[in-house]
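The values are calculated or read from the model by the stated rules, or taken from the named source; none is laboratory data. The model shown is predicted, which means the values in this text are computed figures rather than measured ones. Here the Cβ positions follow ideal geometry from the backbone for every residue, glycine too, while neighbour counts run over all protein chains shown.
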Amino acid sequence: MKIYSRSGDDGSTGTLGGDRTLKSEVLMEAVGTLDELNSHLGWWRVSWEDHEFIMEDELVAIQNTIFEIGSELVAAPGDNRFVAVGLDTHVFRLESSIDRMDGQVPPLRNFILPGGCESAARGHICRTICRRTERILVKLKQSHPVRPEILQYINRLSDWLFMASRYFNHIHGAIENIWEKK
């Protein structure tokens, strides 16, 4: 199978439902931003040090779920072959992981600035891309079916990314700089 088809040279792309749509449509912006998030998550993961790989299985599962969500969005309406299944279970797993990490880091009493160690800083970049993804999905929902479970998952994922960044700062002994209003 060739990687190029030339059919997108006019600014359109094909969906899993067989339709053609402009690459500038909000649906493609949503799918593209999910892809961007997934790529940044992969970049984050390959930068981890040996002791950080305790979260690798979680992150690979997250990347797979993001791919499934993108597939669901570009599938034909009613085509259940591409529905991202088990999102409620995935949300529960994210929440359990958040609670586990939250029990190991100092209590959060102030806003913190993104940064600390490199792994935390990259996690914060992923978090902000996740938040952008969520905003685009909310916009997409105005014209295209987006299940509430998808929005819930992406929202919880941004929480997980925030907590994972804090957790990495904690295990590295990195300082979390507090936001100071001037």
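Only residues that are more than 10 Å from Ala164 (Cα to Cα), in a helix (DSSP H, G or I) and in contact with a helix residue (DSSP H, G or I) (Cβ under 8 Å, 6 or more places away or on another chain) were counted across region 95-126, and they come to 5.
Just so you know, in region 130-182 the residues that are within 30 Å of Leu27 (Cβ to Cβ), in contact with a helix residue (DSSP H, G or I) (Cβ under 6 Å, 6 or more places away or on another chain) and in a loop (DSSP other than H, G, I, E, B) include one that is modelled with the lowest pLDDT, and it is His144.
Within region 84-114, the residues that satisfy the criterion of being more than 13 Å from Asn169 (Cβ to Cβ) and buried (at least 16 other Cβ atoms within 10 Å of the Cβ) are Ala84, Leu87, His90, Val91, Arg93, Leu94, Ser97, Ile98. Among the candidates Ala75, Ala61, the residue that is farther than 16 Å from Cys130 by Cα, modelled with pLDDT of 85 or more and in contact with a helix residue (DSSP H, G or I) (Cβ under 9 Å, 6 or more places away or on another chain) is uniquely Ala75. Would you say Ile54 is assigned to a helix (DSSP H, G or I), of a type in the set (A, V, I, L, M) and closer than 15 Å to Leu157 by Cα? So Ile54 does not fit the description; no.
Residues in region 115-149 that are under 11 Å from the mean Cα position of the chain (by Cα) and among the aliphatic types (A, V, I, L, M) were compared, and the one that is surrounded by the most Cβ atoms within 10 Å (Cβ to Cβ) is Ile129. Sub-9 Å Cβ pairs linking a first residue in region 6-29 that is free of Cβ contacts under 8 Å to residues at least 12 places away in the same chain and in a strand (DSSP E or B) to a second residue that is exposed (fewer than 13 other Cβ atoms within 10 Å of the Cβ) and of a type in the set (A, V, I, L, M), at least 6 apart or interchain, are Ser12/Leu22, ordered by first then second residue.
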